[in-house]
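In what follows, a structure is listed as structure tokens, so that the remarks can point back to it.
Bear in mind these aren't lab numbers, they're just calculated from the coordinates by the rules spelled out. No experiment lies behind these values; they were computed from the predicted model shown.
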Amino acid sequence: MSVSRLGMAAAVLLASMVTAGCSTIYADKYNFADGWREGEIESTGSAASIATPQFSDCRLTLPQDQVRNGQFALVKFKYLGRNQRRVVPLAGDAPAFRSGERVYLNVRNCALALVKR
């Protein structure tokens, strides 16, 4: 096998491993490609008590009554190798979440609830 063919084979193998890793990283239930990420809760509380993160904030897209009356979590997660933070609403019927708890969050859809890992 020539050097260029060997390099091409290695590139194809690496690409297939990366693709397979991303598609099954969360046991096929919380698919990375669908926006799910592993995160850790930094704090929970009312909208006013949660700091504004540098990455994204679901409070900006929610109805004002939900922001006024709802409970929220500040969740830290990795994005492009860096820690990012997102404020997400906690559903009224959601289990209690605490600081330091590991969760799955969806970075594409504020309506999807956090899930304990």
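How big is the range 57-117 on each of its three principal axes, counting only the C-alpha atoms and giving the largest first in Å?
Principal-axis extents of the Cα atoms in the range 57-117, largest first: 35, 23, 17 Å.
Read phi for every residue in the range 96-111 and hand back ³J(HN,Hα) as whole Hz from Karplus 6.51 cos²θ - 1.76 cosθ + 1.60, θ = phi - 60°, with x for Gly and Pro.
5, 10, 10, 4, x, 6, 8, 9, 9, 10, 9, 7, 9, 9, 5, 7
Give the long-range amide H neighbours of Glu101: residues separated by 5 or more places, or on another chain, with amide H under 5 Å away, using H modelled in the peptide plane at 1.01 Å from N.
For Glu101, the qualifying residues are Ile41.
What are the residues whose amide H is under 5 Å from the amide H of Ala91, where those residues sit 5 or more places off or on another chain and H is modelled from the backbone?
Leu114
Hey, what do the phi angles of the range 46-55 turn into as Karplus ³J(HN,Hα) couplings, whole Hz, using 6.51/-1.76/1.60 and θ = phi - 60°, x for Gly and Pro?
5, 4, 6, 8, 9, 5, 7, x, 7, 9
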